[in-house]
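What follows is calculated from the coordinates using simple rules that are stated; it is not laboratory data. These numbers come from a predicted model, not from an experiment. With ideal geometry, Cβ positions are generated from the backbone for all residues, glycine too; neighbour counts draw on all protein chains shown.
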């Protein structure tokens, strides 16, 4: 008995590995996120399978996990595949892998295409350290709260997002991280209409607002400046005062400080307002 998690192509079937082809041929049970897409993949890569194909998606993951564990207990070779990329990465499979390990079942992973690492490479942003944050929350309030927690994150950040929520997500990210923080929208990677849009969050927001967004989206956002969490309200206010003393009006001084420290203008403004109240 053995459990295999296997990465599948993001879109271009030519990216399939020979190990995946062999695993598909040998598996006795194939747990696929979408059985129709799995059948299409096998047709595209000219592979014939004999194993039983069962659906394995978010809605039935708990029940299917127990079913698959029972198959494994009877000696089955179980292969788990997602629609695209690696199972368990914002896709089903984590619970099954965890339980299989706990039961000392042999497990292995067939590596392959990854939307996360491909997007980081395409973005042109730092790749030495990055963090994958999955899908932002659907509701605006929860999404803003998530971004606020990441405001001082220094690593490059990677998100998945639905096309119809992309504009709202970037707008919220801009309000928290600042309009000059850089990012990239990676769309339909490895597919015919693959496209990467790079720029500031302000520029990405404008693009998302003026284009029909279709396909699979991966959003990459630059991390904060080193030690940005140490920037205190007093330091922000002091820097605004420096700009004002140099002849700049307050609005532009606040904007300049926000740009300099890659933070939202509203945070600098709030610090200045609070400082003025304290001085009265």
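Could you list 81, 257 so that the one with the fewest beta carbons within 10 Å of its beta carbon is first and the one with the most is last?
Least crowded to most crowded, the residues run 257, 81.
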**Message:** With 10 angstrom as the radius, rank 176, 107 by how many other C-beta atoms surround their C-beta, starting from the fewest.
**Reply:** 107, 176
**Request:** Considering the convex hull of the alpha carbon atoms of segment 231-279, report its projected area averaged over all viewing directions, in nm², one decimal.
**Result:** 3.0 nm²
**For segment 168-219 and segment 132-159, distance of Cα centres in Å** = 15 Å
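For segment 89-158, take the convex hull of the Cα atoms, compute a quarter of its surface area, and give me that in nm², please.
6.7 nm²
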**Item:** Label-point gap, in nm, between residue 260 and residue 241 - each point 7 angstrom along Cα→Cβ
**Value:** 1.3 nm
**Percent of Cα pairs exceeding the 25 Å cut-off, where the set is the chain** = 56 percent
**Request:** Quantify how much of the Cα-Cα distance distribution of segment 2-113 extends past 17 Å, in percent.
**Result:** 46 percent
**Complete:** Expected sort for 148, 161, 70 with the fewest Cβ neighbours (10 Å cutoff) up front is 70, 148, 161
**Message:** Starting from the 7 Å offset along Cα-to-Cβ, what nm value, one decimal, do you get for the label separation of residue 129 and residue 63?
**Reply:** 4.5 nm
**Request:** Quick one: compute the contact order of the chain, relative version, from alpha carbon pairs under 8 angstrom and 6+ residues apart, as a percent.
**Result:** 17 percent
**Asked** Roughly what % of DSSP beta bridges within the chain run antiparallel, to the nearest 5?
**Response** 45 percent
**Complete:** the chain, Gaussian network, Cα under 10 Å: of 95, 103, 165, the residue fluctuating most is 103
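Please compute the length gained on full extension between residue 145 and residue 164, using 0.36 nm multiplied by the number of residues separating them and subtracting their Cα-Cα distance.
Extending this stretch completely gives an extra 4.8 nm.
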**Request:** Quick one: give the max-minus-min coordinate of the C-alpha atoms of segment 116-221 along each principal axis, largest first, in Å.
**Result:** 36, 31, 23
**Message:** Can you tell me, using C-alpha contacts under 8 Å and at least 6 residues apart, the relative contact order of segment 231-279 as a whole percent?
**Reply:** 42 percent
**Prompt:** Taking springs between alpha-carbon atoms closer than 10 angstrom, which of 28, 169, 18 fluctuates most in the Gaussian network model of the chain?
**Reply:** 18
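I need the calculated FRET efficiency for the pair residue 12 and residue 102, taking r as the beta carbon distance and R₀ as 45 Å, to the nearest 0.05. Working shown, then result.
Details: r = 36 Å, r/R0 = 0.80.
Computed FRET efficiency for residue 12 and residue 102: 0.80.
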**Request:** Post the alpha-carbon centroid distance, segment 77-99 to segment 21-46, in whole angstrom.
**Result:** 14 Å
**Asked** Does anyone have the angle between helix 250-261 and the longest principal axis of the chain? Alpha-carbon axes, 0 to 90°, nearest 10?
**Response** 40 degrees
**Asked** For the pair residue 197 and residue 251, what calculated FRET efficiency results from E = 1/(1 + (r/R0)^6), where r is the Cβ-Cβ distance and R0 = 45 Å, to the nearest 0.05?
**Response** 0.95
**Request:** Over segment 2-113, calculate the relative contact order: mean separation of alpha carbon pairs under 8 Å at least 6 apart, over the residue count, as a percent.
**Result:** 46 percent
